[in-house]
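If you scroll down you'll find the structure; I have some questions about it.
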Amino acid sequence: MSKPTPILILSDAPTAPTGLGRITRDLAIRIAEQMPDTFRVATLGYGGAGSRSLPFQQYFIYDMQDWVVKNLPDVWRDFAGAEKGILLCIWDASRLLWLSQPETYCRDPKLKEFLATKPFELWTYSAIDATGPNDKLSVLLREVFKGFDRILAYSEWSARIIERTLGDGKTIPSLPHGIDTSVFRPIWREKARKKFGESMFGDSKFTLPDSALVIGIVATNQKRKDWGTAIEAAALLAKTHDIRLWIHTDTPEREWSLSALLYDYDLQNKTVLQHGNVLSDEQMKWGYSACDVTWGIGLGEGFGYPIFESMACGVPCIHGNYAGAAEYIPKIPGAPALKIKPMAYRMEGHFGCVRPVYHAQQWADATEQVISVIWSISVPPEIDWNNLWPRFQEWLSEGIHA
């Protein structure tokens, strides 16, 4: 009987307060628990801290200079020894040029020498959150994807973009990430609002008014999350509604100063701003369920975990009609659109990505439409981990036996 194959997942740490961290956690748990005879699992992740409750070994990235993981050789030797294995990347492809094409782009001598030994097959689970002209990625990103041994796209949209970029006629499979619908499920809104303070803050005296329009925004503090437009849109709605914002982010002061934005738009006293510590899935469920609507504010959302979480809790999520995650927002007959069409596009960054541009009034108008309808909404059945995991298991097994 053959030994389990070492599989190291390179991503955000499984306890990091990011979507990548949550996806890493969910996949690593299932691989470790459901495929122990096939794989021996570990993670190498950025951010977060270790957790003894997770059923796999965890390593951490402390030096992210130019996204070069300088401790990868030591981690692989500690985890796999001299065994061949798999490095599964769940990161933005733009971070991985040094790994997929080390001969040309890896600048660290020790790491370059290690990668030349090819101790693992290089797999990727990739979300594409922006494109170049003609729905193709840049030449540099084409080089990234050419260096992978196996590619799994996050959405059909992502798969089409990668196929068009590579131009080799090969079909790229796609799978979304999953949601645990036994945890993320609808809670009666009035009950959720009464429980909100106790669940989030351990303070049963903190409640959300029944009459308030509660908008949830769960997103990291990055340039490609349009916090400026979101806060301006909330201020527009505050002219005619008693609004409350529930904001859950990793840090309030980084690419955007959320405290300054809230102060400038006079929303600081109408906002519950949570950051830093990761809330449990149970707490997040109560947060979503207390909302009337949530906003997906990514300027092209790759994985978009909060979109699924919100819908699984029965709360509509307004999102830009762009990039992979929008593909999974269901169309409800007779209901207003949940997807906003961009008013323009702009080019961004070294990789020539196209990003959408929205106006704050678009978000305010869409919200007015959404709250005028009584919703019965849920995620598509294929997003439930119970239905989705066998398809992941099949993709992983095919790679081992290829």
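What follows is calculated from the coordinates using simple rules that are stated; it is not laboratory data. Quick caveat, the model's predicted, so the values are computed rather than measured. Note that we place each Cβ from the backbone using ideal geometry, even for glycine, and neighbour counts take in every protein chain shown.
Could you calculate the contour length gain from residue 260 to residue 365, that is, 0.36 nm times the residue separation minus the distance between their Cα atoms, to one decimal place in nm? Don't skip to the answer; put the middle values down first.
Details: separation 105, 0.36 × 105 = 37.80 nm, distance 2.44 nm.
Length gained between residue 260 and residue 365: 35.4 nm.
What base-10 log of the normalised intensity I(q)/I(0) is obtained for region 189-382 from the Debye formula, alpha carbons as equal point scatterers, at q = 0.13, 0.17 Å⁻¹?
Summing over Cα pairs of region 189-382 leads to -0.66, -1.18.
Something else: Using only Cα atoms, tell me the angle between helix 189-201 and the longest principal axis of the chain; keep it within 0 to 90° and round to the nearest 10.
Around 60 degrees separate the two axes.
Taking the 0 to 90 degree range and rounding to the nearest ten, how far is the long axis of helix 360-370 tilted relative to the main principal axis of the chain, both from C-alpha atoms?
Roughly 70 degrees, rounded to the nearest 10.
Could I ask something else about it? Please list the radius of gyration and Dmax for region 1-91, considering alpha-carbon atoms only, with Å as the unit.
Reported Rg and Dmax, both Å: 12.5, 42.
On average over all directions, what projected area in square nanometres does the chain have, based on the convex hull of its Cα atoms? Working shown, then result.
Working: hull surface 79.3 nm².
Result: 19.8 nm².
Right, here's the next one. Using R₀ = 35 Å, calculate the FRET efficiency as 1/(1 + (r/R₀)^6) where r is the Cβ-Cβ separation of residue 156 and residue 182; round to 0.05.
0.85
How far, in nm, would the chain grow between residue 84 and residue 339 when pulled straight, counting 0.36 nm per residue and subtracting the alpha carbon separation? Display every interim value, and only then the final one.
Working: separation 255, 0.36 × 255 = 91.80 nm, distance 4.47 nm.
So the extension gain works out to 87.3 nm.
How high is the relative contact order of the chain, in percent, with contacts defined as C-alpha pairs under 8 Å that are six or more residues apart?
The value is 14 percent.
Also, I was wondering about something else. Place a point 7 Å from Cα of residue 211 in the direction of its Cβ. Which residues in region 218-241 have their backbone N less than 20 Å from it?
What the label zone holds, given the 20 Å backbone N cut-off, is 235-241.
Can I ask one more? When DSSP assigns beta bridges and you keep just the ones with both residues in region 189-382, what percent turn out antiparallel, to the nearest 5?
Around 30 percent of the beta bridges assigned by DSSP in region 189-382 are antiparallel ones.
Under 5 Å between amide hydrogens, which residues at least 5 positions from residue 58 or on another chain qualify, with H placed 1.01 Å from N in the peptide plane?
43
Shifting gears a bit: Please compute P(r) over all alpha-carbon pairs of region 286-379, binned at 5 Å starting from zero, and give each bin as a whole-number percent.
Taking every Cα pair in region 286-379, the percentages come to 2, 14, 25, 24, 19, 9, 5, 2, 0.
In deg cm²/dmol and to the nearest 500, what is the mean residue ellipticity at 222 nm of the chain if only DSSP H runs of at least 4 residues count, each as -39500 (n - 2.57), divided by the residue total?
My calculation for the chain gives -10000 deg cm²/dmol from helical runs alone.
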